[in-house]
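Scroll down for the structure; my scribbles are underneath it.
The values are calculated or read from the model by the stated rules, or taken from the named source; none is laboratory data. Small disclaimer: the values here were computed from a predicted structure and weren't measured. Positions of Cβ are backbone-derived with ideal geometry, glycine not excepted, and every protein chain shown enters the neighbour counts.
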Amino acid sequence: MLAVCLIQTQACSSRSVKAATVKAEQDRKPAPEFALKDADGKTVHLSDYKGKVVLLDFFATWCGPCKIEIPWFMEAERRNKDRGFAVLGVSMDDEGWEVVKPFLAELGVNYRVVIGNDATAGMYGGVDALPTTFLIDREGRIAAVHVGLASKKDFTDGIEQLLQNTAPAVTLNNDGRPRAE
Amino acid sequence: MQTKIPVSIREGYHVNSNTPSEEYLIPLKLTWTSTGALEGGAVVYPKPALEKFDFSDGKPISVFMGNFDLVASFKVAANAPAGPGIAAGKLRYQACSNKACYPPKTIDVSVPYQVQ
C-alpha cells in the first residue's frame, strides 16, 4: 500500500476507509446545481467544483450545533485542500452578509461561504433543520447527508473514503476486459 | 390588568429564553403591534431552565421547554371607548432539538378584551 501511495499523484492515507454513512456509488443522485454569491459578490456554481470532493454545509449564525461542526470543517479544509477537496458553506441567515461576515471573521473560517436562499434549500430537499451537510463526490453526486449535529468521525471517514476514490469506476465485460464507454 | 398567554413547546424541543446565554442566540420575544383601547405594558417571562445539549459544548444554555405562560400587562387608555377590542402582537422564537436548530419564526398573538 505504501509503494502505491508514493507513485500516485495525490497524497493518500495508509488505510482504506469505508464510512458507514457514505452511499454506494450506484445509489448516489446528482447534487443540484446552484448559483449563489460569495462574500466578494462573485457567483459560485456547484459545477465549479467538478472533480473535487465537496462538503456542502447549510448553516446559520444563530445555530449552536453549526458552531460545533464548523471548526471540524476548517480542519478538513486545511488537511485536504491539496487533495482535491473543498468545503463550501451556505448561510441561511435572512440578514445576509451583515451578520455572516462578522461571524466568519470571529471563527476564522478558512473556506468559501455563500448566502443561500429558499430555492436552493428546496432543491436540496427543503433544508429546514440546521446544520444539514452534504458530502458530494468527484462526479458531483451526493454521497452522504447529515441532518443535525453529526460526529466528527462520520465526516472525516466520509471525506477520506471519497478522496480515496480517485479513479472512476470500471465496468468489466465477461472476458475481464474493461467495457468501452 | 394582566393576562396570561399560554405557550406550549413540543417534547424534545426547546426555545431560547428571553435572556439567552450567548449573544448569537435569538431570544423569545413578545411585542405588541396594536393594542386598541389598551396601552401595552411589561411582559413577564417565566424563570428559564439552564440545560446542556449535545451542541452546547458542556455549557448550560438558558431555555424554555414544555408549557409555560407569558404574563402581559395592559392599562386602559384614559379616553378608551366602552366595547370589545383585540390587542394584537407578534411572538418571535427560535427552536432547537438536542442536535439541530430551526429557523426563527414569528407567530401572531391576539388578546380579546372588553372595556366596560
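Points worth noting:
- Segment B:47-69, residues that are more than 14 Å from every other protein chain (Cβ to nearest Cβ) and either surrounded by fewer than 15 Cβ atoms within 10 Å (Cβ to Cβ) or closer than 15 Å to A:Cys63 by Cα (or both): B:Lys47, B:Leu50, B:Gly66, B:Asn67, B:Asp69
- Counted residues, segment A:56-66 - those being over 15 Å from A:Val87 (Cβ atoms) and more than 7 Å from every other protein chain (Cβ to nearest Cβ): 1
- Output for segment A:102-118, where each listed residue is among the charged types (D, E, K, R) and within 14 Å of chain B (Cβ to nearest Cβ): A:Glu106, A:Asp118
- Checked against the criterion of being in a loop (DSSP other than H, G, I, E, B) and within 13 Å of chain B (Cβ to nearest Cβ), segment A:73-90 contains not a single residue that satisfies it.
- Every residue from segment B:98-116 that is more than 14 Å from every other protein chain (Cβ to nearest Cβ), in contact with a strand residue (DSSP E or B) (Cβ under 8 Å, 6 or more places away or on another chain) and more than 11 Å from B:Ala88 (Cβ to Cβ): B:Ile107, B:Tyr113, B:Gln114, B:Val115
- A:Thr61 being without any contact (Cβ under 8 Å) to a residue 60 or more places away in the chain and part of a loop (DSSP other than H, G, I, E, B): yes
- Condition check for B:Leu30: within 15 Å of B:Val111 (Cβ to Cβ) and in a strand (DSSP E or B): yes
- Residues that are free of Cβ contacts under 8 Å to residues at least 40 places away in the same chain and charged (D, E, K, R) were ranked within segment B:83-116; the one that is surrounded by the fewest Cβ atoms within 10 Å (Cβ to Cβ) is B:Asp108.
- Of the candidates A:Gly64, A:Gly89, A:Gly84, the single residue that is surrounded by fewer than 19 Cβ atoms within 10 Å (Cβ to Cβ) and touching a strand residue (DSSP E or B) at 6+ places or on another chain (Cβ under 9 Å) is A:Gly84.
- Out of A:Val109, A:Val99, one residue alone is at negative phi, β-branched (Val, Ile, Thr), assigned to a helix (DSSP H, G or I) and free of Cβ contacts under 8 Å to residues at least 40 places away in the same chain. It is A:Val99.
- Hey, A:Leu163 more than 14 Å from chain B (Cβ to nearest Cβ), crowded, with 20+ Cβ neighbours inside 10 Å, under 19 Å from A:Glu75 (Cβ atoms) and modelled with pLDDT of 95 or more or not: yes
- Restricting segment A:126-155 to residues that are away from every other protein chain (no Cβ under 14 Å) and over 11 Å from the mean Cα position of the chain (by Cα) leaves a set whose member that is nearest to B:Pro103 (Cα to Cα) is A:Lys153.
- Of the criteria (1) over 18 Å from the mean Cα position of the chain (by Cα); (2) modelled with pLDDT of 95 or more; (3) surrounded by 14 or more Cβ atoms within 10 Å (Cβ to Cβ); (4) not charged (D, E, K, R), which one B:Ile26 fails: (1)
- A:Val53 vs. criteria surrounded by fewer than 20 Cβ atoms within 10 Å (Cβ to Cβ) and in contact with an Asp or Glu (Cβ under 7 Å, 6 or more places away or on another chain): no
- From A:Trp62, A:Trp97, residue being of a type outside the set (Val, Ile, Thr) and within 16 Å of B:Tyr102 (Cβ to Cβ): A:Trp62
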